[in-house]
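Novice: Take a look at the following structure, please.
Computed from the coordinates by the stated procedures, all read-outs in this text should not be read as laboratory data. This is a predicted model, so every value here is computed, not measured. Methodologically, a virtual Cβ is constructed for each residue, glycine included, from the backbone with ideal geometry; neighbour enumeration extends over all protein chains shown.
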Amino acid sequence: MQSSGLLSDEHSRLRVILSQMEEHAISTVRIREKLFERFYNLLSSHMKFEEVVLRGLLDQNVDCSDEIHQLIEEHYLFRLMLFEMKAVPKNHKRWGAKVRIVKDFIDRHIDYEEIDFYEALREALSEEQFKIVWKNFSQSRDEMGFNLTT
Ligand SMILES: [Fe+2]
Ligand SMILES: [Fe+2]
């Protein structure tokens with residue numbers, strides 16, 4: 001979602017944390033746990049806030065519901081992955097593989113949001129509607145009180 005600086009910031013932060021998790025896939029358990037906690041909190045919060053706006057768009061019957069449903073379905077899969085990753089001991093021999101798989105999926109999802117969905121939304125909305133949507137994204141984020149320094 002290119003036009004929202006806040007979203008791009010969060011996407012960048014997610015990519016950075018995932019790269020760190022990949023690098024530290026064989027580090028101490030404590031480091032793995034700490035990195036996963038940061039990833040878990042940021043991704044959970046990020047998805048929750050995106051969905052506030054995405055569901056709002058569905059309610060308005062915008063002409064890109066296929067893309068929106070795809071994003072929401074992918075969020076559903078990420079929640080299952082987070083649930084599984086949270087439960088598994090961080091010294092498990094499959095930890096590194098789990099991290100690589102989730103990193104691949106998240107990378108693809110972010111690309112989809114920032115390129116395909118962004119374009120679909122631009123086509124579906126008028127210039128004015130488009131501006132309002134991006135404003136809503138930022139406002140929803142403020143209202144949810146997420147601290148970017150977390
Ligand atoms: Fe998303
Ligand atoms: Fe996102």
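Novice: What's the angle, to the nearest 10 degrees (0 to 90), between helix 29-59's Cα axis and the longest principal axis of the chain?
Specialist: Roughly 20 degrees, rounded to the nearest 10.
Novice: Quote to one decimal, in nm, the extra length available between LYS34 and ARG94 on full extension: 0.36 nm per residue of separation minus the C-alpha distance between them.
Specialist: Values: separation 60, 0.36 × 60 = 21.60 nm, distance 1.76 nm.
Contour length minus the Cα-Cα distance gives 19.8 nm.
Novice: Angle check, please: helix 5-23 long axis (alpha carbons) against the longest principal axis of the chain (alpha carbons), in degrees 0 to 90, nearest 10.
Specialist: It works out to around 20 degrees.
Novice: Which of SER44, SER126, SER12 moves most in a GNM of the chain, Cα contacts under 10 Å?
Specialist: Highest fluctuation of the listed residues: SER126.
Novice: Name all residues of the range 34-75 having a backbone nitrogen under 17 Å from the label point set 7 Å from the Cα of ARG108 along its Cα→Cβ direction, giving them as ranges.
Specialist: 67-75, by backbone N distance to the label point.
Novice: Further, regarding this structure: If I histogram all Cα-Cα distances within the range 65-114 using bins 5 Å wide from 0, what percent of pairs lands in each bin?
Specialist: Final binned percentages: 5, 19, 26, 22, 14, 8, 5, 1, 0.
Novice: Rg over Rh of the chain, using C-alpha atoms and the Kirkwood radius, what does it come to?
Specialist: Working: Rg = 16.2 Å, Rh = 16.2 Å.
Using Cα coordinates only, the ratio equals 1.00.
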